[in-house]
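Once you've had a glance at the structure underneath, I'll fire off some questions.
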Amino acid sequence: MFKNLLNHSFRALNRQKAYVFLNIIGLSIGIACSLLIALFLISELSYDRFHKNKHRIYRVILEGKIGEQEIRAPYTCSPLGSALLNEVPEVEAFNRMNAWDEIIIKNYDQSFTEDAFIESDSTFFEIFSVPLIHGDKKTVLNEPHTLVLSESAASRIFGKTDPIDKMLKVGRDTVLYRVTGIMKDIPKNSHFRANIIASFMTNPRANDPMWLSNSFFTYLLLKQNAEVSQVGIKLKEILKKYIGPEVQRFLGVSVEDFEAKGNRYSMFLQALTDIHLDPTIEGGQVAAMDPKYLWIFGSIAVLIIIIASINFMNLATAQASGRAKEVGMKKVTGSSKRLLISQFLTESVMLTFFSLIISLIIVKLSLPYFNNLLGSQLQFNLTSKWFIIPVLLILAIVIGIFAGSYPAFYLSSFQPVNVLKGKVKDSSKNGHLRSLLVILQFSISITLIVGTLIMFRQISFMLNRDLGFDKKELMVISRAGTIENHVNAFKEEILKISGVVSIASSTAIPGHNNNNNGYMMKGRQEETFLLQTNWVDYDFFETYRMKINTGRGFNQEQSTDAEACVINSSAVQQFGLNEPLADIFMAPADSGKSTEMPVIGVVGDFNFESLHSAIGPYIFRFKNENINFGYFSIRLNPTFSEKTIKAIEAVWKNYTSNDPMKYFFIDEDFNRMYTQEKQSSSLALLFSVLAIIIASLGLFGLTSYTVQQRTKEIGIRKTMGASTTEIFLLISKEILILVSLATLIAWPLLYYIADKWLQNFYYRINMRIWDFLIGFLIALIIAVITISYQTIRTARINPALSLRYE
């Protein structure tokens, strides 16, 4: 029986080549798009799930509020882990990590820049499932100045030489590090990156007893069946126990008084598998993915499949009268309704299988482009998991049944008597359904078009907004600490280079913050003020071209400026400073005596973070030559050339014993902050275009059928004097009405979705009526172009031929 169904289906499809072609192309594109999106979603949802103990691993998050500033970051203090291990029975082990931005690794006279270098406790390989190729996981990191290399790092640094027990120079440390182990490369779907792991015991602050100094990541491995909520309660109790004395020592108030003023200082546990999908907590090595984008692209995948399936339904029901005789004859010769439904569903599933095969080819060919667009390394291997092929086959069957169900039931419902008497026509009910489906298609298409336009407008706004400083021609050299205490001499040499306008040294730059400190204010000691802190030299404001609204910046001729500070306008507003130049900030010190810093200037607000966040209070302190970590910022002449960069590099190497220079430009770096948005908008544009193409294929086929059905009518109208334009408008009118109705349906939904998305940005565009009208016009133009060829071609046929058409 099944063999007969296949034979009948093959013959039926062979008689409808145009119909088959349009459906296969539409379904192939739709399935390919959905598979590509599925690969992306699976990759994002797979982060950190390769760890054996993934459901027992938690990261500790600092959460609090000081003054008006909220804190939510993955940074914790050094003694936290050991205290939890000793005092909370549910904790089985802890691990501390310290991630370095960039560091120079030297193997004799060879230098390597490593940007995936971390320090970690010896429990790393017991908690995380990263296989060791050489070394004992319990001992490889239990001594200072030992480290483990990844396979790729070992190959890059040592080539084919065995690296075990070899010595390496790390950064500016004068003590060499011994290689004690080789590990497998950490998978890309990990929230932390590590090509080299050094022992945390090497860190000078490994035994730091300070509880209010938060710089490290802390991970906990809980015991089997431990109650996370109970651990969270005990964590808060331990914090109160240990931070109380330090709050009293540094701020001069008790914890109770500190909290009574509206402040908050707490910590909570974040599940390992939640880290990558929580963008509210910033500061990790790998940028988190906003789950909203997963929902958006998951929805797009479903919508594209729906559009392709609608094409199938429309084209199948449009050809109902053409297949009526076939149905009538089969019923007369004994075919049951159930058998006919089976045949039509078999045809639908066969088409879907053909489409699936083509879609797999499309995915294979387009995956490199897709990876380049996302900056990812997605792979598509049908045999990598046993369930992939069965899932694809089930997907094809489900899509085939979904797309073919209505046509199958509709076609099989024809009565033989009416069919054979020629009384079967394309019913108005059937026509109404097709109209509803076209409206649904174009509602989806318009939503994608306008949504993409709004995304691009927001991104353009972010990239071109005035940030409060001049980001053009601003080159930044990282790892300024490599210069050690020769900062001023280095700056003087750089200023001699043609094309260099100015140079400044600082511990932070916009987009790369390093400290969020609590301060007091003279006369308001009972309050705590939280400010982003940047230690800068005399040339910083000039180099960044920041506007000083009140007062002045640091002046080399004013010796007292070494203990002064400059704040931003947001600090003035949020702290209610009526005369900021008369205020004095106080920095708590371990000795108990605070450092007083009079305010000498107020700089205009500038975006030191992305436009997702509001501008908060910021303080500039003077950076002397003893503070030598951070960055050099170099203002270049707009006409600078590659020779300028090479000259700067030559000076750098002269001062750093030939270390490689790592640099970037501020404008490009700021643009990278919006990589997720740019990638998402590019994907949205791509899939919007493909959705329109799929919808247009269906509309083309539907128009062909409609024109075919009305050929005689067109001939009569031409005989009665109707022009080609009048006939074109007559046939186009229905489509234009459907697109208009689709627009009215899409707009409210679109406004809601776009408004929700824009709420992710503190600084955002306002939606305009033109955004929505442009989407309508694009959809209308595409629809008109799609139907024009068939409509005009038929309208220009000789009326005598049209009247003889059957």
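The values are calculated or read from the model by the stated rules, or taken from the named source; none is laboratory data. From a predicted model like this one, the values you see are computed outputs, not experimental measurements. We place every Cβ from the backbone using ideal geometry, glycine too, and count neighbours over all the protein chains shown. In case anyone asks, the SASA skips ligands and DNA or RNA and just uses the protein heavy atoms, side chains included. Shrake-Rupley method; radii C 1.70, N 1.55, O 1.52, S 1.80 Å.
Quick one: compute the contact order of segment 127-239, relative version, from alpha carbon pairs under 8 angstrom and 6+ residues apart, as a percent.
Answer for segment 127-239 is 31 percent.
Calculate, for residue 720 and residue 463, the FRET efficiency according to 1/(1 + (r/R0)^6) with r their C-beta to C-beta distance and R0 60 Å; round to the nearest 0.05.
The computed FRET efficiency comes out at 0.55.
Sorted by accessible area (1.4 Å probe), largest first, how do 76, 560, 346, 595 line up?
Ranked list, largest accessible area first: 560, 595, 346, 76.
Another question, if that's okay. Given segment 129-171 reduced to its alpha-carbon atoms as identical point scatterers, what log10 I(q)/I(0) does the Debye formula return at q = 0.15, 0.26, 0.32, 0.33 Å⁻¹?
Debye curve over Cα of segment 129-171, log10 I(q)/I(0) at q = 0.15, 0.26, 0.32, 0.33 Å⁻¹: -0.39, -1.13, -1.38, -1.40.
Ignoring ligands, DNA and RNA, how do 745, 567 rank by accessible area with a 1.4 Å probe, largest first?
Sorted descending by solvent-accessible area, the residues read 745, 567.
Taking every pair of Cα atoms in segment 85-144, average 1/r, invert it to obtain the Kirkwood radius, and report Rg/Rh to two decimals.
Dividing the radius of gyration by the Kirkwood radius yields 1.07.
Something else: With N set to the number of residues, divide the alpha-carbon radius of gyration of segment 472-522 by 2.2 N^0.38 Å and report two decimals.
1.46
Roughly how many Å² of residue 678 are accessible to a 1.4 Å probe, to the nearest 10?
70 Å²
Per residue, how big is the convex hull of segment 182-282 when only Cα atoms are used? Give it in Å³.
Measuring per residue, one finds 164 Å³ for the Cα hull of segment 182-282.
Using θ = phi - 60° and the Karplus relation 6.51 cos²θ - 1.76 cosθ + 1.60, list the HN-Hα couplings for segment 237-243 in order, rounded to whole Hz, with x at every Gly or Pro.
Taking θ as phi minus 60°, the curve returns 5, 5, 4, 4, 5, 9, 7 Hz for segment 237-243.
Using only Cα atoms, what is the ratio of the radius of gyration of segment 497-553 to 2.2 N^0.38 Å?
The reported ratio for this selection is 1.46.
Sort 96-103, 67-74 for me by packing, meaning the mean count of neighbouring Cβ atoms within 10 Å per residue, highest on top.
Highest-to-lowest ranking by the protection proxy: 96-103, 67-74.
I would also like to ask the following. Residue 528's amide H: which non-local residues (gap 5+, or another chain) put their own amide H closer than 5 Å, with H modeled 1.01 Å from N in plane and none for Pro or chain starts?
Distant-sequence amide H within range of residue 528: 67.
For a quick check: with amide H placed at 1.01 Å from N, whose amide H comes under 5 Å from residue 537's, ignoring anything fewer than 5 positions away on the same chain?
505, 623
Here's another thing I want to ask about it. When the Cα centres of segment 78-143 and segment 672-703 are compared, how far apart do they sit, in Å?
Measuring centre to centre over Cα atoms gives 44 Å.
I've got another one for you. Carbon-plus-sulfur fraction of the accessible area of segment 227-301, 1.4 Å probe, in percent?
Roughly 57 percent of what the probe reaches on segment 227-301 is carbon or sulfur.
So, one more: What's the angle, to the nearest 10 degrees (0 to 90), between helix 642-655's Cα axis and the longest principal axis of the chain?
Approximately 40 degrees, to the nearest 10.
For a quick size check, give me the Cα extents of segment 72-224 along its three principal axes, largest first, whole Å.
The Cα atoms of segment 72-224 stretch 46, 32, 27 Å along the principal axes, largest first.
Could you give each residue of segment 161-173 its phi-based ³J(HN,Hα) in whole Hz, using Karplus coefficients 6.51, -1.76, 1.60 with θ = phi - 60°, and x for Gly or Pro?
Using θ = phi - 60°, the values come out as 6, 5, x, 4, 6, 6, 10, 10, 8, 10, x, 9, 5 Hz.
Then there's this: How tilted is helix 675-709 with respect to the longest principal axis of the chain? Cα atoms for both, answer in degrees (0 to 90, nearest 10).
With rounding to tens, the tilt is 0 degrees.
Between residue 379 and residue 733, what is the label-point separation in nm under the 7 Å Cα-to-beta-carbon projection?
6.0 nm
Using a 1.4 Å probe on the protein heavy atoms, what percent of the accessible area of segment 591-672 belongs to carbon and sulfur?
45 percent
Normalised by the empirical 2.2 N^0.38 Å for globular proteins, what value does the Cα Rg of segment 525-655 take?
Normalised Cα radius of gyration, segment 525-655: 1.21.
Output ³J(HN,Hα) for segment 145-151: one whole-Hz value per residue in order, computed from phi by the Karplus curve 6.51 cos²θ - 1.76 cosθ + 1.60 with θ = phi - 60°, and x for Gly and Pro.
Residue by residue, segment 145-151 yields 6, 10, 8, 10, 9, 6, 4 Hz.
Around residue 182, with a cut-off of 15 angstrom between Cβ atoms, what is the net charge of the other residues, counting Lys and Arg +1 and Asp and Glu -1?
+1
What order do 211, 535 take when sorted by accessible area (1.4 Å probe), most exposed first?
From most accessible down to least: 535, 211.
I would also like to ask the following. On a 0 to 90 degree scale, rounded to 10, what angle separates helix 337-374 from the longest Cα axis of the chain?
Roughly 30 degrees, rounded to the nearest 10.
Here is a further query. Quick one: grab Rg to one decimal and Dmax as a whole number for the chain, Cα atoms only, in Å.
Cα-based Rg and Dmax for the chain come out at 34.0, 107 Å.
Take the Cα pairs of segment 54-154, get the Kirkwood Rh, then feed it into Stokes-Einstein at 20 °C and 1.002 mPa s and tell me D in µm²/s.
132 µm²/s
Cα-Cα pairs above 25 Å in segment 611-746: how many percent?
Counting every Cα pair in segment 611-746, those more than 25 Å apart make up 65 percent.
If you don't mind, there's one more thing I want to ask. For every helix of n ≥ 4 consecutive DSSP H residues, a contribution of -39,500 (n - 2.57) applies; sum these over the chain, divide by its total residues, and give [θ] at 222 nm rounded to the nearest 500 deg cm²/dmol.
The helix-only estimate for the chain comes to -16000 deg cm²/dmol at 222 nm.
Something else about it: Given just the C-alpha atoms of segment 145-215, how large is their convex hull per residue in cubic angstrom?
It comes to 108 Å³ per residue, whole-number rounded.
Then there's this: Using modelled amide H (1.01 Å from N, peptide plane; none on Pro or chain starts), what sits under 5 Å from the amide H of residue 511, excluding residues fewer than 5 places away?
The list, which skips near neighbours in sequence, is 609.
Continuing with the same structure: Using +1 on the beta carbon of Lys and Arg, -1 on that of Asp and Glu, and nothing else charged, what's the dipole of the chain about the Cα centre, debye to 20?
Computed charge dipole of the chain: roughly 5540 debye.
Further question on the same structure: Under the definition of Cα pairs under 8 Å and six or more residues apart, what whole-number percent is the relative contact order of segment 421-578?
17 percent
Let me ask something else. Provide the packing ranking of 783-791, 43-51, i.e. peptides ordered by the mean count of other C-beta atoms within 10 Å per residue, highest first.
The densest-packed peptide leads the list: 783-791, 43-51.
Probe of 1.4 angstrom, ligands and nucleic acids ignored: what's the accessible area per residue over segment 719-765, in square angstrom?
59 Å²
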